[in-house]
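Inspection log for the structure reproduced underneath, given as structure tokens.
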Amino acid sequence: MAPTVQFFSLRTINSAVDVSTPIKRVLDSSHFILGKEVEGFENAFAGYCGVPHCVSVGNGTDALELGLRALGIRTGDTVVAAANAGFYGSAAIRLIGAIPVYVDVDPVTLTMSPERLRVALEAKPKAVIVTHLYGQLADIESIIASAAEEGIPVIEDCAQAHGAMRDGRRAGSFGSVGCFSFYPTKNLGALGDGGAVITSDKSTAGRLKQLRQYGWSTKYNVELPCGRNSRMDEIQAAILHDRLPLLDKWNAERREIALRYKTAFSGLPITCTHSSGEDYVAHLFIIRVKHRDSFREFMKKHGVTTEVHYPIPDHLQSGYTASQNPAGLPVTEEACSKVVSLPCYPGLGLEGMEQVIRAVSLYCENGGV
């Protein structure tokens, strides 16, 4: 029996970095909320992303919600989004009381289709959330160009795309705001929850800082409605600040694993969806297979753990029975029925990669497609 290749290993990731030093630094300071560590990380992450402002928050969902609120999105407004990204953007839209309008995705990248977006923009939505899914930059330039013609802001969901780059610009720096999660499994992960919003607009950054702390203008003076307590703690900021210099190295390792997979699978009857360039940071390596359940069971028997990101499109979630797209989203729905995620993370190692490749190849040789 082959050893099990875990889908992701926090133990492997954390064993390769120093976590005690940043934690001790915070403990020694006796300052745990909105102190020097948060300020230092915000400045460093803004510089890394190529924007002047970063506002850290409690988690990635708060980043999306507060990003929308900072841009003036209110109850009853419509916000365009893709429906294959795990409901995270949809959750933020719903928390505001806004209405999601879903558009289909590109059949190759599985990110938002600029063509379908242009049709949706005719109805004059108030904002667009574009998700850089699986670590792949969407066609963000086309999306922003179309939205700009209508004066509509674009929110980038960068939770899976830390460090992705095109033509020298990083994920999050294209739109009105860029929203990040630092959940432990992310390309840049904390030891708990954390999030951030980046922007080039000073007034937007100012509103974000108020919204993350009750809407205060000064202490106990609530100036903005719908504020909340959403603050990154000093320990998470210290961890992230110390790990940020390693992000490009980790992304390169992820990309190398993805390229090895893509090359090995090129002659097999499965579909890979990924670029091989800097615009893809391999947060997830996705393939599409016709018989997903049997494929996953086969992989499990051969010692490889897989996951599905994501099986149920947002417009078909049972918690919201009134579909926003009664005609359906054919590309989205087909993709959600076929996508499978393979192990792809720093520290996976050559033996782990080769075991994944052997198992996938054997499945196809045995007639699985």
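The values are calculated or read from the model by the stated rules, or taken from the named source; none is laboratory data. Only a predicted model underlies this, so the values are computations on that prediction, with no experimental measurement involved. Reconstructed Cβ throughout: ideal geometry from the backbone, glycine too, with neighbour counts over all protein chains shown. Ligands, DNA and RNA are excluded from the accessible area calculation, which covers all protein heavy atoms including side chains. Shrake-Rupley method; radii C 1.70, N 1.55, O 1.52, S 1.80 Å.
Distance distribution P(r), region 278-317, all Cα-Cα pairs, bin width 10 angstrom from 0: 23, 44, 29, 5 percent.
Using C-alpha pairs below 8 Å separated by at least 6 residues, the relative contact order for the chain is 22 percent.
DSSP finds beta bridges in the chain, and of those with both partners inside it, around 60 percent are antiparallel.
In order along region 171-187, the Karplus-derived 3J(HN,Hα) couplings, from 6.51 cos²θ - 1.76 cosθ + 1.60 at θ = phi - 60°, round to 3, x, 9, 8, x, 5, 9, x, 10, 10, 10, 10, 3, x, 8, 6, 4 Hz, and Gly and Pro are given as x. Here the contact order of region 1-91, divided by its residue count and restricted to Cα pairs under 8 Å and six or more residues apart, works out to 15 percent. Between region 43-106 and region 236-290, how far is it from one alpha carbon centroid to the other, in angstrom? Region 43-106 and region 236-290 have Cα centres spaced 24 Å from each other. Computed over protein heavy atoms with a 1.4 angstrom probe, the accessible surface ordering of ASP279, ASP293, ASP314, largest first, is ASP293, ASP279, ASP314.
Put simply, the convex hull of the Cα atoms in the chain casts, on average, a shadow of 18.6 nm².
Can you work out the FRET efficiency for the pair THR305 and ASP248, with r the C-beta to C-beta distance and R0 = 35 Å, to the nearest 0.05? That pair, THR305 with ASP248, gives E of 0.80.
Per-residue 3J(HN,Hα) values for region 78-85, derived from phi via the Karplus relation 6.51 cos²θ - 1.76 cosθ + 1.60 with θ = phi - 60°, read 9, 10, 7, 8, 8, 10, 10, 10 Hz in sequence order (x marks Gly and Pro). Distances between placed amide hydrogens fall under 5 Å for MET232 paired with VAL57, GLY58, all partners being 5 or more residues away or on another chain. Span-like helices, the chain: DSSP H, alpha-carbon axial extent 18 Å or more, mean Kyte-Doolittle -0.5 or greater, which ones? What comes out of the filter, once short or polar helices are dropped, is 36-49, 349-365. Exposed loop sites are taken as trypsin sites (Lys or Arg not before Pro) in a DSSP loop (any state but H, G, I, E or B) with at most 14 other beta carbon atoms within 10 Å; the longest stretch of the chain without one runs 75-218. Excluding the site residues themselves, the longest part of the chain lacking any chymotrypsin sites (Phe, Trp or Tyr not before Pro) in a DSSP loop with at most 15 other Cβ atoms within 10 Å is 33-219. ARG254: net charge of surrounding residues, Cβ under 15 Å, Lys/Arg +1, Asp/Glu -1, itself excluded? In short, +1. For region 56-134, the list of GluC sites (Glu not before Pro) that fall in a loop by DSSP and count at most 10 other C-beta atoms within 10 angstrom reads GLU122.
Heavy-atom surface analysis with a 1.4 Å probe gives the chain a carbon and sulfur content of 52 percent of its accessible area.
Partners of LYS219 within straight-line reach, counting lysines whose Cα lies under 30 Å from its Cα and excluding those fewer than 8 residues away in the same chain: LYS24, LYS36, LYS202, LYS209. Gyration tensor analysis over the Cα atoms of region 266-369 returns equivalent ellipsoid semi-axes of 27, 17, 13 Å (largest first, whole Å).
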